[in-house]
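The values are calculated or read from the model by the stated rules, or taken from the named source; none is laboratory data. What you see is a predicted model; the values in this text were computed from it and never measured. Positions of Cβ are backbone-derived with ideal geometry, glycine not excepted, and every protein chain shown enters the neighbour counts. With ligands, DNA and RNA removed, areas are computed over all heavy atoms of the protein, side chains included. Shrake-Rupley method; radii C 1.70, N 1.55, O 1.52, S 1.80 Å.
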Amino acid sequence: MTETEGKTLQTKEKMTLGAAAEQTKPGIVFTPAVDIFETEKELTLLADMPGVKSDNLTIGLNKNVLTMTGEVEAPEDENETDVIREYETGKYFREFTLSNEIDQTRIDAVLKDGVLRLTLPKVEEVTPRKIAVKTA
Amino acid sequence: MIFRRVSNWPAFYWRTPFGDLERLKRQMDLINEGLLGGTLREPSAGVFPLMNVTEDKDNYYVRAELPGIKSEELDISVTGDTLSIAGERKISEEKGDVKYHRREREAGKFSRILNLPSQINTAKVDAKCADGLLSIVMPKAETAKQKQIVVKSS
């Protein structure tokens, strides 16, 4: 799949999360859309989490499970009344199982304009090494 | 496909009944997508960006989720009682030799026109974009504001 410039954006609904584990707090939970790609050195994960401030974003790593949780505070003021409501706001949650080859101490996360960019560097040994064969 | 809704259906004048219907429709769409893999999905359901409009005594507030879109890439204009938003979401191509495992985020152009229930003061519209959330504050025109009438007792 290649991205071409100038095409029309394909619309998508926000995906709600199926009840994997029940929440203690009421509210809707959404699964953010993600892009995951890999290079020789690292694995990068991009996630759309509009409305999440960096203080409200939690990234957890337990054994090999990477968890992303983003809380969204309702932006509406108390005395505002709805005129038209097309989307709901709520929590974002998604989990991924990482392979052992990720260097879990060097994970880097940047949240910018509602997009989270997680960089997961691979452990040195796993990086394929080119071995030059010398001729004697 | 151009997702441009010139006039919003349902009209604004019937607030709650159609608002609930619209929400129900969205939920039905989600069920359809889950059961039939989205084959029954009408293209008309695809409007971007989705907007929430609220009001108080003096202003209308329009909010839309636009992750990864910078404010300078947005083209917002207002005339009388319509608001139009256009822009393009770009997802930059990663440099070098990359292998994609998942690609769920969408990129592309979008445009949308929204009809407001009443005239707005176009000179004082304020828009800001933070954390991927666009919020526009539009003061109602003086003529559109509700006037409280005091009943005098003689």
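Taking the protein heavy atoms of chain A in the context of the full set of protein chains, the accessible area attributed to carbon and sulfur is 50 percent at 1.4 Å. Excluding same-chain neighbours fewer than eight residues apart, the aspartates and glutamates reachable from B:K147 by a Cα-Cα span under 12 Å are B:D58. When the accessible areas of A alone and B alone are added and the area of the pair subtracted, with a 1.4 Å probe, the result is around 5300 Å², both sides summed. By definition, a body whose alpha carbon gyration tensor gives a ≥ b ≥ c is prolate when a/c is 1.5 or more and a/b is larger than b/c, and chain A fits this prolate description.
Here chain A is treated with +1 on each Lys and Arg Cβ and -1 on each Asp and Glu Cβ, and its dipole about the Cα centre works out to around 880 debye.
Positive-end ranking of A:P75, A:L45, A:Y87 along the dipole of region A:7-136, with charges on Cβ about the Cα centre, is headed by A:L45.
The alpha-carbon of B:K25 sits under 18 angstrom from the alpha-carbons of these lysines, leaving out residues fewer than 8 places away in its chain: A:K12, A:K14.
Karplus-based coupling profile of region B:98-114, in residue order and whole Hz: 10, 10, 7, 9, 9, 9, 10, 7, 9, 10, x, 8, 8, 7, 8, 10, 10, with θ = phi - 60° in 6.51 cos²θ - 1.76 cosθ + 1.60 and x standing for Gly or Pro.
Among the listed pairs B:K57/B:K109; A:K112/B:K90; B:K124/B:K145, those whose Cα-Cα separation exceeds 25 Å are B:K57/B:K109.
Expressed as a whole percent, the accessible area of region B:44-154 that falls on carbon and sulfur atoms is 48 (1.4 Å probe).
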